[in-house]
Every structure is written in C-alpha cells, then in structure tokens.
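The structure appears right after this line, and notes come after that.
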Amino acid sequence: QVQLVESGGGLVQAGDSLRLPCAASRRTFSVYTIGWFRQAPGKEREFVAAIRWSGGNTAFTDSVKGRFTISRDNAKNTVYLQMNSLKPEDTAVYYCAASGLWLVMAAREYNYWGQGTQVTVSS
C-alpha cells in the first residue's frame, strides 16, 4: 500500500508559478511511475505529467509542455510538479497517482491516488 499526499495548491494570478509536491509514504518496487492528473468542474480527469522513479523519464500533455516540469527527489520519496506561466484554464483539482507501469497516461492504469489539491488561476 502506498499513500500519496499532495500539497502546494492555492489561488494565484495568470502568469504566476506554483510547485506541487507529492509525498509518497514509501518506495516500493511495485511503483514505477508517479503521475499528475487534474480535474476541472464539469470535466473529466485528465493526464498532466508523469515521471519514472528510476531513470527520470518524463511525459507531458501538450497543453502544459514548455510551462510545466516534473521532477523527483528519491531521498524524500517526493515528486514535484512545477507549474509556470499559469493560465486560468489550468484551474482544477490536481491529483498525484502511482502506477506499476512505465509512463502511462491513462488514469485507469494508476492504482494509488492522493486526495487532491486545488489550484485556482485568476485572470
């Protein structure tokens, strides 16, 4: 069992930056990828970014490429989503999740989920 805790959300203005940490309760060989998803009101949950625990390979959805980065601190069992040049359309609840597969983007492939953190970007 892996517990994930997100933090760092808040209310910011367009163009600002936020960093969202996702802290995992422990490392396990069954977890290969940590992903970030978001869900805006009335919309489906969508993939944002993912990183492999080993190797650091990353993947991003097109709408955040060049603005968001994802990194990991293995010693702290923490993955960070750095969000720059935020736009109002980035407003959503952001979730981190863990998967036993490599760099998958489908939510159904993730076994463990955090509780989410709200990000609101005002224009």
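Being touching a Phe, Trp or Tyr at 6+ places or on another chain (Cβ under 8 Å), at pLDDT below 95 and under 17 Å from Glu109 (Cα atoms), is that true of even one residue in segment 52-75?
Checking segment 52-75: at least one residue is touching a Phe, Trp or Tyr at 6+ places or on another chain (Cβ under 8 Å), at pLDDT below 95 and under 17 Å from Glu109 (Cα atoms).
Looking at (1) more than 14 Å from the chain's Cα centre (by Cα); (2) over 20 Å from Gly10 (Cβ atoms); (3) of a type in the set (Gly, Ala, Ser), which is the only condition Ser85 fails?
The failed condition is (2).
Being surrounded by fewer than 16 Cβ atoms within 10 Å (Cβ to Cβ), in a loop (DSSP other than H, G, I, E, B) and in contact (Cβ under 8 Å) with a residue 40 or more places away in the chain is the filter here; which residues of segment 46-77 pass it?
Scanning segment 46-77 gives a single hit, Asn57.
Condition test on Lys76, is it more than 30 Å from Ser123 (Cα to Cα) and basic (Lys, Arg)?
Yes, satisfied.
The values are calculated or read from the model by the stated rules, or taken from the named source; none is laboratory data. Note that the structure is predicted; figures quoted are calculated from it, not measured. Ideal geometry is used to build each Cβ from the backbone, glycine not excepted, and the neighbour counts take in all protein chains shown.
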